[in-house]
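The values are calculated or read from the model by the stated rules, or taken from the named source; none is laboratory data. As the structure is a prediction and not an experimental result, all values here were calculated from the model. Neighbour counts run over all protein chains shown; Cβ positions are idealised from the backbone, glycine included. Keep in mind that these areas ignore ligands, DNA and RNA; they rest on the heavy atoms of the full protein, side chains included. Shrake-Rupley method; radii C 1.70, N 1.55, O 1.52, S 1.80 Å.
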Amino acid sequence: QEKKIFVVQGPYPIIRRLLRARGWVERKLPGTGRQLEQHYPQHHPWLPAEEEEEKEEEQCDDDPSGIHDLMSYLVRYQLPNFIWTDFLEATDRQLLQQDNVVNHYSRVDAFTTKEGLCLSLQNLPWIEQADPNTFFPRCYRLGNMDEREAFIDDFRLTAARSLLKLALEGAGDMPVRTEQVPNSAKGASWHRSHISHPKHFTAWSGCPLYPELVEEALEVCKEHLSVLQHQDIDRSTPSPCRTCIDWDHFLREYYRVAHEGAELVLTRQQRKQCQNLLQRLAEQLPQLDMEGKLNVWIIKPGAESQGRGIVCTTRLEEVLGLAWSCTAPSVQMGKWVVQKYVERLLTIFGTKFDIRQWFVVTDWKPLTVWFYQDCYLRFCSWPFSLRHLERARHLCNVSVQKWYKTSPDQDPRVPPDKIWSNKQFQEYLAQMGQADAWHQVLVPGMKAAILNALRSARDRVGFRKGSFELYGADFLVGEDLQPWLLEINSCPTMSPSSAVTRRLCANVQRDTLRLVLDRKENPTCSIGAFELIYRE
């Protein structure tokens, strides 16, 4: 009669316990008693023993008197008023009614899959006065022909810009030699239309690469800058990537410089041109700094999670080959995205990390968003290196890192459980002399990225009054402390992998129930660490 009947589908013992403590009665569905056992097998080789004991306690001691089982039996035919489930699609449609509260919306794949987020953010400039390139590493759906061609152009242009950076900062790990043009090339003009075929200038392994390679990169970047500045509006010229140079040859020579340690030679005039051109490109390309100089890209299955099928690479042919080989059996042909890897990222003790940030949407009309003020960091098991692209160095997902032992080269200050709270991160930033960065740069940046992602996708989401959803957004942090949004998860894990996540996951579940249930009856009640950041 008080409309306090609930259903929990999935491994959520804390939700079940909190609802029962409020006087709610659970309607148990067939198989509910086995859900925890299916999610948590008897042995958990990657978790500490005390966590296994805690799970056993959750399963065995939750209802010592049997009263909850009795009440569940009495409401076995009643429709639930509150449903908390892993996935909306897994919920029996007969349980859904107009006025019950469900913890999911439909069609959220518009921003909670890698493919959906990629497409939605491409449309953001048409919806909001915002540029996704300022917070989301550029991304392409390889199954779409136009986007695949755009990626190929982007890869080539990034290689050309990277060569200019290498020319200034060092070719690979070797010093750049700045010389006059060698005698063998003095008679040649540096304009592409007047020089011999580039293959005539190919250097043997171990020999320096002479200025014509830099000249080609300069020419490509100048044409691209002209396009960016809209100087080509009145002339229908093809992309500079498709007409200017022999790209197969250029990429082969670029790979030698960037990845094989070949020495690069450029003239003094070219050094000045490189500096000037990169400075002008930086005014047009928000990602010029973070993209680095090794042209690393990350390939992801478009609808997978937990790091499945993700690969890092530096070669164009590998990207296109992987996209069509379907190395992950569950991924359909063409359902891959490729995204620029953030090469210039902040590391802690020489180790890559990312941030898992929670937020809740309680309404889409009007859009209403709550930001959780606690979050946590996830570390990799091996030291960061762009010269080695193993998953243990580059994928921070707990579900990936649990399979790797900590490298003996790892800094001992990296936490053994590979998790930090945001409070620990703030203390670290203060030690770096960046005490204000968390509240003045990182948090505002994460809030803005989340809101832009939601705005870009809201017309495609299935709205349902009275429902809500808790999401987990993943961010990287650049060297300049700017956050970069990687993805948004619609069913963030609540399974603890450390003391930090055990506490924070319990807190966010408690505060979510306060927000969506208690606040309806008492608008002034505590909502814990949630903060309203947007109401349309």
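Close Cβ contacts (under 7 Å, 6 or more residues apart or on different chains) running from residues in the stretch 493-516 that are assigned to a loop (DSSP other than H, G, I, E, B) to residues that are of a type in the set (Lys, Arg) and open to solvent by 30 Å² or more (accessible area, probe 1.4 Å) comprise 496/502. Taken together, the residues in the stretch 407-433 that are of a type in the set (A, V, I, L, M) and under 23 Å from the mean Cα position of the chain (by Cα) amount to 3.
The set of residues in the stretch 274-292 being under 26 Å from residue 210 (Cβ atoms), in contact (Cβ under 8 Å) with a residue 40 or more places away in the chain and open to solvent by 50 Å² or more (accessible area, probe 1.4 Å) consists of 275, 280.
Under the condition of being farther than 19 Å from residue 154 by Cα, modelled with pLDDT of 75 or more and open to solvent by less than 10 Å² (accessible area, probe 1.4 Å), the residues counted in the stretch 293-311 number 1. Please tell me if residue 440 is in a loop (DSSP other than H, G, I, E, B), farther than 13 Å from residue 358 by Cα and among the polar types (S, T, N, Q). Spelling it out, it is not the case that residue 440 is in a loop (DSSP other than H, G, I, E, B), farther than 13 Å from residue 358 by Cα and among the polar types (S, T, N, Q).
All of 182, 137, 125, 198 fail the test of being touching a His at 6+ places or on another chain (Cβ under 7 Å) and either modelled with pLDDT of 55 or more or not charged (D, E, K, R) (or both), apart from 198.
When 395, 377 are checked against the criterion of being in contact with a helix residue (DSSP H, G or I) (Cβ under 7 Å, 6 or more places away or on another chain), surrounded by 21 or more Cβ atoms within 10 Å (Cβ to Cβ) and not small (Gly, Ala, Ser), 377 stands alone in meeting it. Selection over the stretch 438-481 of residues that are touching a helix residue (DSSP H, G or I) at 6+ places or on another chain (Cβ under 6 Å) and either free of Cβ contacts under 8 Å to residues at least 40 places away in the same chain or closer than 16 Å to residue 532 by Cβ (or both) gives a count of 3. In the stretch 456-468, of all residues being outside any loop (DSSP other than H, G, I, E, B) and of a type in the set (D, E, K, R), the one that is least open to solvent (accessible area, probe 1.4 Å) corresponds to 458. Out of 385, 421, 407, one residue alone is without any contact (Cβ under 8 Å) to a residue 24 or more places away in the chain and among the hydroxyl-bearing types (Ser, Thr, Tyr). It is 385. Before we move on, is residue 336 aromatic (Phe, Trp, Tyr) and either modelled with pLDDT under 90 or not assigned by the TED database to the domain that holds residue 415 (or both)? Criteria met by residue 336.
Residues in the stretch 477-492 that are assigned to a strand (DSSP E or B) and aliphatic (A, V, I, L, M): 477, 485, 486, 488. Of all the listed residues (428, 404, 471), the sole one being among the aromatic types (Phe, Trp, Tyr), surrounded by fewer than 19 Cβ atoms within 10 Å (Cβ to Cβ) and over 25 Å from residue 313 (Cβ atoms) is 428. Just one residue in the set 36, 29 is under 24 Å from residue 102 (Cα atoms), part of a helix (DSSP H, G or I) and either open to solvent by less than 40 Å² (accessible area, probe 1.4 Å) or modelled with pLDDT of 50 or more (or both); that residue is 36.
The C-beta contact set for the stretch 95-116 (first residue over 17 Å from residue 517 (Cα atoms), second residue part of a helix (DSSP H, G or I) and modelled with pLDDT under 90, distance under 7 angstrom, 6+ apart or interchain) comprises 106/88. Set side by side, the residues 98, 94, 59, 78 differ, and just one is at pLDDT below 90, part of a helix (DSSP H, G or I) and farther than 20 Å from residue 18 by Cα, which is 94.
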